[in-house]
Amino acid sequence: MRVCRVFALLSVLAPPGSAACQRAPAVRIPIPFATGPLLAIAGDEVTWQSPAYDTTLLFTADASYHNHALRLLVDLGTDRTLVWSQRLPALDLPHAWSNGAVTRTVRTRGKVDLRHLPASVDTAASLVIPFRDSVQEVWYSDAALHATILDVLLVGQRRFDHVATDEMPGGIDRVDGILGIDLLTGFDLEFNRKTGRFAMYEPDATALPAGLVASDCTPARITSVPRWLHSYAITTQDIDGREHIDTAIHFVRDMTPTGGLDARQQAVREFRIPVSVNGRINDALFDPGANATIMNWEEAALLGITRSDPRLHVDRRYDATTVVNAPAIDGIRLAIGNRRLADAPVVISDGWFAETYYNAGPGPRITLGLDALRDRVLFLGWRSARVCVAGG
């Protein structure tokens, strides 16, 4: 017998079917089709950087290609799914530049930091690929490039057919590549710093993962923006804001499925999160591939921060983010809806946004990194256009 019917027998104040008797609708808990652990990556595990840098946290997803188990870094800042160049031979896949390319291998003493290549390496090569004890130089013409196609890629239990991938020189020892926006877009995504797990769900307008309730959620905005496909550049920024590119790690990209070059812009869907920055609301992106939260100087100016602000200090925490040794500032209060995010230094850089996201367009920008999620869970609901935060 329903509780409200029993209550109705005792009181005429709450007849059956009245608002007082209505049960709150149960929130269905979805089952993920893909999961993966949060890895702590030491500097010496990354082939393009010095082992002296701090440990980096990276969410990953388990996948497979023709019975080859893959672990892919989850990155909403990468346009297209890619595989490390060094992993392609084990997968029986050709390099995009394999037709007509000329290669030369330069032996080195131990791992090479791409910012400090030995003088024996010819940096004029089309591509420079670092290995543990060598560097491979590759020369090719654009006409010789062809696309690398994964005919069937399983991400967890979900099948993706005919995945056109990039390849990236360098890599991370325990990761085989990157799961990019092309496959992440449209699915519900859970980044759980409390449990150290990533989960990927079929899109659902009402379901929420365990531990989240509707009051944890805030409406978000999903937009489609044109974005040039480009190389990945490591940017160094001095404390006074002057920036220069140290090393460009060239992707073999801009490929059409038939193997030709495509110089057009592509429309990329972005999940815009309304973030309160010291009480001021601004659309932000979340980049799980970045450990630090980053804003540009236009956003900083709205917060009263100048390039000569005495509160600025050099940020040397992470090297996996694109900006190295950048100015940062403490005391920035971040919140999504009524949920406060973790306190951490916020890095300030213009060049990072120009290289990574925005086609160098004007306007205040901020991207949330993993440091904002300490002891928290973040859920991006693409079907429901909502962002949910719990914990902390």
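The values are calculated or read from the model by the stated rules, or taken from the named source; none is laboratory data. All of these numbers come straight from a predicted model, not from anything done at the bench. Don't worry about glycine lacking a Cβ; one is built from the backbone with ideal geometry, like all the others, and counts go over all protein chains shown.
Among the residues of region 209-217, is there at least one that is modelled with pLDDT of 80 or more, part of a strand (DSSP E or B), farther than 30 Å from residue 96 by Cβ and over 18 Å from the mean Cα position of the chain (by Cα)? Steps first, please.
Of all residues in region 209-217, those modelled with pLDDT of 80 or more come to 209-217.
Still in the list and also part of a strand (DSSP E or B): 217.
After this cut, where a residue has to be farther than 30 Å from residue 96 by Cβ as well, the list is 217.
Next cut, over 18 Å from the mean Cα position of the chain (by Cα) only: 217.
Checked region 209-217: at least one residue is modelled with pLDDT of 80 or more, part of a strand (DSSP E or B), farther than 30 Å from residue 96 by Cβ and over 18 Å from the mean Cα position of the chain (by Cα).
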Considering residues that are out of contact with any Phe, Trp or Tyr (no Cβ under 6 Å at 6 or more places or on another chain), buried (at least 20 other Cβ atoms within 10 Å of the Cβ) and of a type in the set (A, V, I, L, M), the number found within region 291-302 is 2
Residues of region 194-214 being surrounded by 18 or more Cβ atoms within 10 Å (Cβ to Cβ), out of contact with any Leu (no Cβ under 8 Å at 6 or more places or on another chain) and within 21 Å of residue 60 (Cβ to Cβ), in sequence order, are 209
Residue 251 meets each of (1) aromatic (Phe, Trp, Tyr); (2) in contact with a Ser or Thr (Cβ under 8 Å, 6 or more places away or on another chain); (3) modelled with pLDDT of 95 or more with one exception, condition (3)
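So, of the residues in region 104-124 that are modelled with pLDDT of 75 or more and either among the basic types (Lys, Arg) or touching a Cys at 6+ places or on another chain (Cβ under 8 Å) (or both), which turns out to be farthest from residue 138 (Cα to Cα)? Can you show your working first?
Going residue by residue through region 104-124, those that are modelled with pLDDT of 75 or more are 104-108, 118-122, 124.
Now restrict to residues that are either among the basic types (Lys, Arg) or touching a Cys at 6+ places or on another chain (Cβ under 8 Å) (or both): 104, 107.
Details: 104: 7, 107: 14 Å.
Among those that are modelled with pLDDT of 75 or more and either among the basic types (Lys, Arg) or touching a Cys at 6+ places or on another chain (Cβ under 8 Å) (or both), it is 107.
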Among residues of region 131-157 being at pLDDT below 70 and in contact with a Phe, Trp or Tyr (Cβ under 8 Å, 6 or more places away or on another chain), the residue surrounded by the fewest Cβ atoms within 10 Å (Cβ to Cβ) is 144
Answer yes or no as to whether residue 240 is at pLDDT below 95 and in contact with a helix residue (DSSP H, G or I) (Cβ under 6 Å, 6 or more places away or on another chain). no
Cβ pairs under 6 Å, 6+ apart or interchain, first in region 91-118 and exposed (fewer than 14 other Cβ atoms within 10 Å of the Cβ), second of a type outside the set (S, T, N, Q) and at pLDDT 70 or above, ordered by first then second residue, are 102/139; 104/137
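Is it true that residue 44 is assigned to a loop (DSSP other than H, G, I, E, B), at pLDDT below 80, on the phi < 0 side of the Ramachandran plot and among the acidic types (Asp, Glu)? Let's see the steps before the verdict.
On the way: assigned to a loop (DSSP other than H, G, I, E, B): no; at pLDDT below 80: yes; on the phi < 0 side of the Ramachandran plot: yes; among the acidic types (Asp, Glu): yes.
So residue 44 does not fit the description; no.
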Those residues of region 58-76 that are closer than 26 Å to residue 135 by Cβ and assigned to a loop (DSSP other than H, G, I, E, B) come to a total of 1
